[in-house]
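Shown next, in structure tokens, is the structure this report addresses.
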């Protein structure tokens, strides 16, 4: 049968193929991704809905396609195809609807980092688990967030090192980037991890159902999956539907040059000038990455500082390196309108301290946060309580909703929108479903920000300590005091430890510098275990290594650092 894209693309629109996952002669399963394309301000994945052998592929990576473009010929399993020469593959609807019914201990809606982790953990604990996913396993984090951004940032860091290689006594002329290969590498990493999740789910006997799940009562989920209606009767239900990008109400936001993170992750041709609306974690990571690739970046931030939740000394430090990258920041600013220019570029109209300004650029990346996703999730009669102002599903410290056998985890709770928090919430939920009394402690949460240099934090910040009236002491050591940092050639930044002077426990810490996120593990363990400076001091740290800076900072809470 000849396959066309069909109604996946709106009539009259087109897309650029960025990746084809199969070759001629290979077999493809019904739910496998055949190709990915960039179009309509999004990265679109095209899946098959039957299985078969790929006889012929008519397109290639880099091809532009529309709804009528012939894509491939697939010899479908056990189907006579002679009368289906122009089968509209993705638009096909069968008249017969199959119904299936399942029984399980735990039904989980959403296969992101919270969903698949809790599914595997629950199965390992002996529960019969069904996982429901309407799109791709791994969720936003793996497919459109944490992983692809870090893959691109790694390419940017390598490019920076090559351009700066002379200080290491190396010569490399005419350094250049190949965005096709960079995007291909990113896609391969994502694909490998998604396949790994599939393997782990199968290995642990988790039943995975693809489709959109809806909770119709306390113990029942209905899934619409292709031409099948599936009823799942579950003793317990976990909601793990994640979040979506928050789209601000700004005039002209429908402009073709306004993009979001999904599209930014698949840009083959970088804009010369990029404006980023939002100076939070996502906005700042993209700003540093694009600037490393040579893009002229401007950030427009509503608050008086970018990354405003961090301690002021950390903010001041990252501001220094942001300026060194020639990233322009407009803080205390509010975007009012996007205006299309006569030359095809876009003008951002914004207000700063009562004055109006106009910024001309080629693309605008909107990065104004995310909101919990609960569309079509709950039956009208299901009275699940929400947080104030629509901020997600309300849960207690055990991840229970007001309906005791229904739990919610991850971004949908509106708590901390971090993948590792979501995964841990999933484990907490499973433990409580299985009768163990476990609660989550949000005072020991680690967080990484992949700017250049990186930023890592854990526990209670100085700002929070002051707010709570905690008496505290700070020790701060620069990376310039550590031999490993000098050898590596990057002495930017510092490590800061915060000690509760009453209990003598280390309650928080911040790191800004090379490899900050890799050093975070020791600080996270320190804070979560309630360790004291003397515990770190008595722990022998190998030389020369980066963790020595944590040892020096812990000495600074007592007699004083030795090497600073």
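Ordering 274-286, 147-159 by mean Cβ neighbour count within 10 Å, with the highest value first, yields 274-286, 147-159.
Rounded to the nearest 500, the helix-only mean residue ellipticity at 222 nm of the chain stands at -7500 deg cm²/dmol, with each DSSP H run of n ≥ 4 adding -39,500 (n - 2.57).
For region 195-271, take the alpha-carbon Rg, divide it by the Kirkwood Rh, and send me Rg/Rh. Show your work: numbers first, answer last.
Details: Rg = 18.8 Å, Rh = 16.7 Å.
Expressed as Rg/Rh, it is 1.13.
Placing pseudo-labels 7 Å out from each Cα toward the beta carbon at residue 501 and residue 14 gives an inter-label distance of 6.9 nm. Set the Cα radius of gyration of region 191-239 against 2.2 N^0.38 Å, with N its number of residues, and you get 1.32.
Any chance you could check the Cα centroid distance between region 540-555 and region 264-319 for me, in angstrom? Rounded to whole Å, the Cα centres lie 31 Å apart. Considering only Cα atoms, the convex hull volume of region 104-181 works out to 114 Å³ per residue. If the chain linking residue 273 and residue 376 were pulled fully straight, counting 0.36 nm for each residue of separation and taking away their Cα-Cα distance, it would gain 33.2 nm.
Cut-off is 10 Å between beta-carbons; in what order do 114, 499 appear when sorted fewest neighbours first? Show your work: numbers first, answer last.
Working: 114 34, 499 24.
Arranged by neighbour count, lowest to highest, 114, 499 become 499, 114.
Helix 113-124 and the long axis of the chain differ in direction by around 80°, with both axes built from C-alpha atoms.
Taken over the alpha carbons of region 443-555 as equal point scatterers, the Debye sum produces base-10 log I(q)/I(0) values at 0.10, 0.21 Å⁻¹ of -0.26, -1.12. Can you tell me the 0 to 90 degree angle between the C-alpha axis of helix 419-433 and the longest principal axis of the chain, rounded to 10? The answer is roughly 70 degrees. When Rg and Dmax are taken over the Cα atoms of region 258-368, they come to 13.4, 43 Å. Using the Cβ-Cβ distance between residue 58 and residue 200 with R0 set to 35 Å, the FRET efficiency works out to roughly 0.50. Taking the C-alpha atoms only, the angle from helix 281-292 to the longest principal axis of the chain is near 90 degrees.
The Rg/Rh ratio of the chain, with Rg taken over Cα atoms and Rh as the Kirkwood radius over Cα pairs, comes to 0.98.
For the chain, the share of DSSP beta bridges that are antiparallel, to the nearest 5, is 65%. Annotation: extensible slack from residue 68 through residue 167 equals 30.2 nm (criterion: 0.36 nm per residue apart, minus Cα-Cα distance).
For region 479-524, dividing the convex hull volume of the Cα atoms by the residue count gives 73 Å³ per residue. In this structure, residue 442 and residue 304 have a Cβ-Cβ separation that, at R0 = 22 Å, corresponds to a calculated FRET efficiency of about 0.30. Across region 311-351, the residues whose backbone nitrogen lies under 19 Å from the label position 7 Å along the beta-carbon direction of residue 160 are 314-329. When each of the peptides 251-262, 233-244 is scored by the mean number of other C-beta atoms lying within 10 Å of its residues, the order from highest to lowest reads 233-244, 251-262. The rule of thumb for compact globular proteins, 2.2 N^0.38 Å, goes into the C-alpha radius of gyration of region 413-496 1.48 times. Ordered from longest to shortest, the equivalent ellipsoid semi-axes for region 287-441 are 40, 20, 14 Å, each the square root of 5 times a Cα gyration tensor eigenvalue.
Please compute the length gained on full extension between residue 518 and residue 397, using 0.36 nm multiplied by the number of residues separating them and subtracting their Cα-Cα distance.
Details: separation 121, 0.36 × 121 = 43.56 nm, distance 2.83 nm.
Fully extending the segment from residue 518 to residue 397 adds 40.7 nm.
So for each of 140-146, 379-385, 266-272 I average, over its residues, the number of other beta carbons within 10 Å; can you give me the resulting order with the highest mean first? Write down the numbers at each step before the final one.
Values: 140-146: 22.6, 379-385: 11.6, 266-272: 15.7.
The most tightly packed comes first, giving 140-146, 266-272, 379-385.
No lab work stands behind these numbers, since they all come straight from the coordinates. Since we're looking at a predicted model, the values are computed, not measured. So basically every Cβ, Gly included, is an ideal-geometry build from the backbone, and we count neighbours across all protein chains shown.
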